[in-house]
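The values are calculated or read from the model by the stated rules, or taken from the named source; none is laboratory data. All figures in this text were calculated on a predicted structure; none of them were measured in a lab. FYI the Cβ positions are ideal-geometry reconstructions off the backbone, even for glycines, and counts take in every protein chain you see.
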Amino acid sequence: MNTLGSEERDALKDSVRRLMSDASTEAAVRTVMETDTGYDAAVWKTLGEMGVVGLMVDEEHGGSGFGPLELEAVMEEAGAALLCSPLLASGVLAAELLNQLGDEALNERLLPRIATGDCIASVVLTGDSGCWTQQGVAVSAKQDGDSWVLQGRGSYVLHGQNAEVLVVVAKTDDGFAAFEVDPSAPSVTVAPLPTFDRTLRLASVDFDDARAVQVEARQPVWQAVKRTLDLALVALAGQQVGGTQKVLDFTVEYAKARVQFGRNIGSFQAIKHMAADLLLETESAISAARYAASCLAESSEKADEAISLAAFACADAYVKTTADSIQMHGGIAFTWEHPAHLYLRAARSSAQLFGGSNHHRENYLTAMGG
Amino acid sequence: MNTLGSEERDALKDSVRRLMSDASTEAAVRTVMETDTGYDAAVWKTLGEMGVVGLMVDEEHGGSGFGPLELEAVMEEAGAALLCSPLLASGVLAAELLNQLGDEALNERLLPRIATGDCIASVVLTGDSGCWTQQGVAVSAKQDGDSWVLQGRGSYVLHGQNAEVLVVVAKTDDGFAAFEVDPSAPSVTVAPLPTFDRTLRLASVDFDDARAVQVEARQPVWQAVKRTLDLALVALAGQQVGGTQKVLDFTVEYAKARVQFGRNIGSFQAIKHMAADLLLETESAISAARYAASCLAESSEKADEAISLAAFACADAYVKTTADSIQMHGGIAFTWEHPAHLYLRAARSSAQLFGGSNHHRENYLTAMGG
Amino acid sequence: MTTSVNDETLREEVRQWLSENWAREIADELESEAPTHYTASPALRSWLGKVFDARWSAPRWPEEWFGRGLSNDQAKIVEREFAKVKAPGTGQDRVNLWANTLLAQGQPGLKEKLVGPLLKSEVNMCLLYSEPGAGSDLAGIRTRADLQGDEYIVNGQKVWTSGATTADYGMLIARTDWDVPKHDGISFFFCPMKQPGVEVRPLRQITDESHFNEVFLSNAVVPAENLLGKPGSGWRVLNTALAYERSVMGETARGSRGGTGLGLGAVTEAQPLIALAREAGRLDEPHLRQQVAQTISYRRLNALNTARAKADLAQGTSSSIMSLGKLAMSRILHEEARLRTEILGAESMLEGEDYPQAVDANFLSLNAYFTSIGGGTDQIQRNIIGERVLGLPKEPEVDKTIAFRDVKTGVGSG
Amino acid sequence: MTTSVNDETLREEVRQWLSENWAREIADELESEAPTHYTASPALRSWLGKVFDARWSAPRWPEEWFGRGLSNDQAKIVEREFAKVKAPGTGQDRVNLWANTLLAQGQPGLKEKLVGPLLKSEVNMCLLYSEPGAGSDLAGIRTRADLQGDEYIVNGQKVWTSGATTADYGMLIARTDWDVPKHDGISFFFCPMKQPGVEVRPLRQITDESHFNEVFLSNAVVPAENLLGKPGSGWRVLNTALAYERSVMGETARGSRGGTGLGLGAVTEAQPLIALAREAGRLDEPHLRQQVAQTISYRRLNALNTARAKADLAQGTSSSIMSLGKLAMSRILHEEARLRTEILGAESMLEGEDYPQAVDANFLSLNAYFTSIGGGTDQIQRNIIGERVLGLPKEPEVDKTIAFRDVKTGVGSG
């Protein structure tokens, strides 16, 4: 794993921010979010060329081979700009699960194309429960001669409708196994799910005795899944704090500019004190996200604890900040044209994406020895 | 049961308020709360003469024979004045349990003296768990020939150290039974418990094969206990909202009078908005307490629901109001000389007296069909 | 002059008239046509015309204004008889915002022209109050009305207007004097809406609905006789109208798609959240149970407050509790939406007809701001409660006494 | 003049001196005597005297003021060597509030008299800032100091003074000019405490402890040479002292009986609440588990913020996060106390040595106000964060520019 010094990491972050300010403006987001695919192919290509899509793919497979710290930093910018893209699906979940499974033949075939963005991949893990836990897996696999047959339903599959390849985690009689699935294969049905957050793309995937190729795994499959989820949670936390910071910034700016009763509304304690409280939430979330990234990067024994903490602290801070932001703006933010609701939608959905805050608090307490 | 019209009830309330303004001033409370008994015998006598102690005792036994509405109204005044007295112990818990059990001989002997205040009685029900439920009872009774023998420990006994008579609820092989116990009898040990709220008196009572006389019951004992607790919760809710209203009042007065930065602090939104929120809490709690009283008075089928609601809403409002009051006052309320902490202590303790808010919320949901 | 009439005679007369005129078919017709909030259906208009002709529309008003000069108590008799058969149209002297405002403040010509039609719902109305730059601070409006001859020429922009597309007139506040303090330079008009100077654009809400409009006024013409009250007295007229609106609206809960009523007796009010938790198989989770109980209690406590306030009013004691309802409702709606979301979990990411619970949770989460922002934000509401109910002093008002043209303005709108 | 010295030579000199003077016995003696916060024990004084004589007390200061004129980097070398053997007494040019304030602002005579003794802790000090009428609004003090000849005569009342009973001097702010705006009429003094005009009364807290005093000043006499800065410049001197205090105190957590530290690495920070819940047999209750996790996270997040702020500072980036710590700590302490109470349930009604958990929960519930009120209420703290960190505009200040004698005053105290 390559690790950047903090200045180089800032430079990477800056370069993503510059791209976002061109390619993921509010106008662009509003256009892209109404398309079927939900991402801009040209921007996606650029992200691939910049090495952002392949951030987690190692150099021998054509990626940048970076780690959680760099990913978290990049995701902050993506989150701040509400970037519509399959980055989390393909560049994080699928790439990392393939990394962790370590099927060399498969990785040689897939990872270079994932890194460039040519191939969009995604992971099928949870079913309708939306629980990213062993209990949540609702696809089962049975061996049929040399090959395997999948039965069941995966859901909340990120950008499933845009995926060329699906990595499916399924239950077998001997625990969990992973499979490579072509979504256009017979007996596989991918259906887009309508989403409240229009910058998000989710799909369900039904398997009705669908043939699939098992992925060889160099470690127990659930261990690989767990490590993948750890990284995904760090990435999501980064995305959330990026959004949180952005919303706080434009809310404070509005409070400085808006005048009512002959005064800037930010001079009223009602607004000022809400802003102060949000700053505490925001800074705490940023600390949590970056600390989680750093613990994961160092394989610290505190990684479990830190990642669970970031998972609920960042989700909750994002929801609270976007919710309070609308209240602080007043009527203007009750209009579709104002960006505040786009962030509120993103915040509410991201807070459920890999399990809700109660789930992560429970994990946190367990990790703390409780 | 006698029921007063709302004007007569207001008159009763006023007369208690007048007594409190003479007899339960802050100075008086501070003096009495540091005494061993924790009540002023002269004031107690006056309360007896006024008919307040015997409010729940029917007329044929020398009381006023009023109901929950009158009790709630009176308790509001007692709570507002932090009255230190065995009213809840003797006039409510013991008197009502005796009413409900309906042992005529016993009642003829005890209730007239309870109504005047000559005899202070209390009820032993919960043990060290402090749960006023069947599971919480930690005294067991065994028959020994004609008489009964008690074993175990009662705790959180209100004014147990001042009681001349204890009505003890105990487990038997055939369910629950009630017993009359002389606290000075052999094998009965009454020990005062040190309390955080110094206006409160609690004791533990240990029974080590203590002889006791069974109280005859005209209904299942636990049903009598349940009805007694319903009334006690209404009384406590009244006491709580009385305190809540009082604290809000003096806090608002302070916010009007206190000047900082050349302005009354109540003109700052930070203070003004806290006060507005507390008004909502306070009025809601008052509504809840009075509604519970009215449902109980009418034996409404909504009584369970209404009483549970009042139990947590009034407890929580009292704690929140007293807590915020200190913050709104600033440093002055951090001193022992300021009354705010007396109310905070009373609020915190009353919120635990007959079970905490979580317990009552759980009961509420069950009563609502959930 | 009003002829006095005996209660029993009056009751008999109403009953008689209703039995002759109110037919099952009319009720069915009214129901089937589902009139919107802002325009009356033909059937309703036809019925209201009959009520009007029989002088039942505004029985408290004098005969000159189509009424019978009845006392409040006698008018209640009329209302009660109408209510018994569920016939609409009477008591408009109590509930018709437009007609009441016009009758109290309007000039003779306009009153003669419009009071009757308003009672018959022959003209449609809307409110032209809020502006992008004047939300919480309504007295900060910058729409101007300049007198030219016997007309006012109006320029400016209004927002959050309901029913603007169908309205014939809008009750408009505009600034007619810029050299006096903010509250003193405002005037109140009935502004004709069907004219070239008035452009109505729908306003898309965060819920993706459009219940409101923006109204652009570009040299819109308002006859001078459409001024209500005196020039510069518009703030007082407005406040009368607002207080009136509140007193009428106070009793009715703010509706919300999927929301439940405020009815006191209804144990059923609890059912949506309990049902949702049960359906999700989560009613046995202790952590959720606590939250469900707490959230239900908020709505219940508000209902108890409202009932207590009404009882106080009935006893002639004025109650300050009423003013808490809006703030309470804001918490209720936000908390219910939050809890619905928590109960649903991952499903709340979805929407569309296959996920009605998610649609509800998400809609309610967004629409809760309608209550916590609309009609005075929670923050303004806390000011009002603090000042008017608790008597706490107002904040220093920096713009209260200076000429409006010198008042600081900001950027942004809404 | 300062003689420049080589780093290595310096380090060697400190080590040498410490090895000759710092003995295990002294450390033991210091520990056994448990000096209070406000007075030095005889053993500590004796040691500080040695340090002073060797010119290690304030190595950054010039030789004239008992120092060595070292650069900050070199002074750190000295501090590091002292720290290694856990010897106190050096670096007072960085941490001694009293001596620093006096040296920067005092008149020559007072400096000569007290700077040395302050470095040796031979004189004890206290702060005479807050007044019953000036809590959040410290610039609203009404204690007056009137110049008569070469003395100021001081009258007024101070509160929340720690260590007043043992103090030789108090750093006092008092008003010397009532005809200028509030901030401009304040002067700053070293007020002698051992005199008839100074009466100290203990102040009983809601926790039933007495860590503070009220100080009544009745014609107390302060020599004119005890004035720091110029007359009327006291607000500036005060703010320098306060900022100084914050920067030194910032790193150390506010202690509280039963409280836990802020140490980042410490997983053990979580243990008190987990242990309490486990002991109460309630660690398996899902509703409690959520709250325990949430409450632990508040303290943890604050520790992470502090660590990030320090890292920023180390990189030379100034950090705004530091200012959040006090507000965060207020929530932490109130929430922890609330949760302890909930875990204990009925037992929280009790106190006394048989119920140590109840004593803790109750004490912490009350003492949390020490943080949420003391040293600037949470509300003032939010103002500061909003204005200084986020750059939001200040409120209109009605009393900023008028003569103090015309400023509105209220009743009440505290």
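For the reader, a short list of remarks on this structure follows.
- Test for B:Arg345: is it more than 14 Å from chain D (Cβ to nearest Cβ), touching a Lys or Arg at 6+ places or on another chain (Cβ under 9 Å) and in contact (Cβ under 8 Å) with a residue 60 or more places away in the chain: no
- Only listed residue being over 28 Å from C:Gln290 (Cβ atoms), within 12 Å of chain B (Cβ to nearest Cβ) and either free of Cβ contacts under 8 Å to residues at least 12 places away in the same chain or not in a helix (DSSP H, G or I) (or both), chosen from D:Glu347, D:Glu353: D:Glu353
- Among (1) farther than 26 Å from C:Leu288 by Cβ; (2) more than 7 Å from every other protein chain (Cβ to nearest Cβ); (3) surrounded by fewer than 24 Cβ atoms within 10 Å (Cβ to Cβ) - the single one A:Ala367 does not satisfy: (1)
- Positions within the range A:132-150 being in a loop (DSSP other than H, G, I, E, B) and at pLDDT below 95, in sequence order: A:Gly145, A:Asp146
- When B:Asp316 is tested against (1) within 11 Å of chain D (Cβ to nearest Cβ); (2) surrounded by fewer than 24 Cβ atoms within 10 Å (Cβ to Cβ), exactly one condition is not met: (1).
Per-residue answers, yes or no, for (1) in contact with a Phe, Trp or Tyr (Cβ under 7 Å, 6 or more places away or on another chain); (2) in a helix (DSSP H, G or I); (3) away from chain D (no Cβ under 14 Å); (4) not β-branched (Val, Ile, Thr):
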site: B:Ile286; (1), (2), (3), (4): no, yes, yes, no
site: B:Arg290; (1), (2), (3), (4): no, yes, yes, yes
site: B:Asp304; (1), (2), (3), (4): no, yes, yes, yes
site: B:Met328; (1), (2), (3), (4): no, yes, no, yes
site: B:Ile332; (1), (2), (3), (4): no, yes, no, no
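- Odd one out for D:Arg80, checked against (1) without any contact (Cβ under 8 Å) to a residue 60 or more places away in the chain; (2) touching a helix residue (DSSP H, G or I) at 6+ places or on another chain (Cβ under 6 Å); (3) closer than 29 Å to D:Leu242 by Cα: (2)
- For the range D:287-310, the set of residues classified as within 8 Å of chain A (Cβ to nearest Cβ) and surrounded by fewer than 22 Cβ atoms within 10 Å (Cβ to Cβ) consists of D:Gln290, D:Gln294, D:Ala307, D:Arg308, listed by residue number.
- Test: residue in the range B:197-215 that is over 24 Å from the mean Cα position of the chain (by Cα) and either of a type in the set (S, T, N, Q) or outside any strand (DSSP E or B) (or both): yes
- Test result for C:Ala311, in a helix (DSSP H, G or I), of a type in the set (A, V, I, L, M) and touching a residue at least 24 places away in the same chain (Cβ under 8 Å): no
- Consider the range B:183-224 and keep the residues that are more than 29 Å from D:Asp208 (Cα to Cα) and among the basic types (Lys, Arg). The one that is farthest from the other protein chains (Cβ to nearest Cβ) is B:Arg218.
Residues checked against (1) in a loop (DSSP other than H, G, I, E, B); (2) more than 13 Å from chain B (Cβ to nearest Cβ); (3) modelled with pLDDT of 95 or more:
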{"residue": "C:Glu225", "(1), (2), (3)": "no, yes, yes"}
{"residue": "C:Lys230", "(1), (2), (3)": "yes, yes, yes"}
{"residue": "C:Asn239", "(1), (2), (3)": "no, yes, no"}
{"residue": "C:Glu245", "(1), (2), (3)": "no, yes, no"}
{"residue": "C:Thr252", "(1), (2), (3)": "yes, yes, no"}
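- Single condition C:Leu333 does not satisfy, out of (1) closer than 28 Å to B:Ala310 by Cα; (2) within 12 Å of chain A (Cβ to nearest Cβ): (2)
- Flag: C:Gly375 matches the condition of being more than 8 Å from chain A (Cβ to nearest Cβ), within 28 Å of C:Trp160 (Cα to Cα) and assigned to a loop (DSSP other than H, G, I, E, B).
- Looking only at the range A:145-185, residues that are over 14 Å from A:Pro220 (Cα atoms) and of a type in the set (Lys, Arg) come to 1 in all.
- When residues of the range D:390-413 are limited to those that are surrounded by fewer than 18 Cβ atoms within 10 Å (Cβ to Cβ) and in a helix (DSSP H, G or I), the one nearest to the other protein chains (Cβ to nearest Cβ): D:Asp406
- From the options C:Val159, C:Val154, residue that is hydrophobic (A, V, I, L, M, F, W, C), part of a strand (DSSP E or B) and within 12 Å of chain A (Cβ to nearest Cβ): C:Val159
- Taking (1) more than 7 Å from every other protein chain (Cβ to nearest Cβ); (2) out of contact with any helix residue (DSSP H, G or I) (no Cβ under 7 Å at 6 or more places or on another chain) in turn, A:Phe354 satisfies each apart from (2).
- Count of residues meeting criterion [touching a Phe, Trp or Tyr at 6+ places or on another chain (Cβ under 6 Å) and under 28 Å from C:Glu353 (Cβ atoms)] in the range A:189-230: 1
- Residues satisfying the stated conditions in the range C:131-142, i.e. buried (at least 22 other Cβ atoms within 10 Å of the Cβ) and in a loop (DSSP other than H, G, I, E, B): C:Gly133, C:Gly135, C:Ile141
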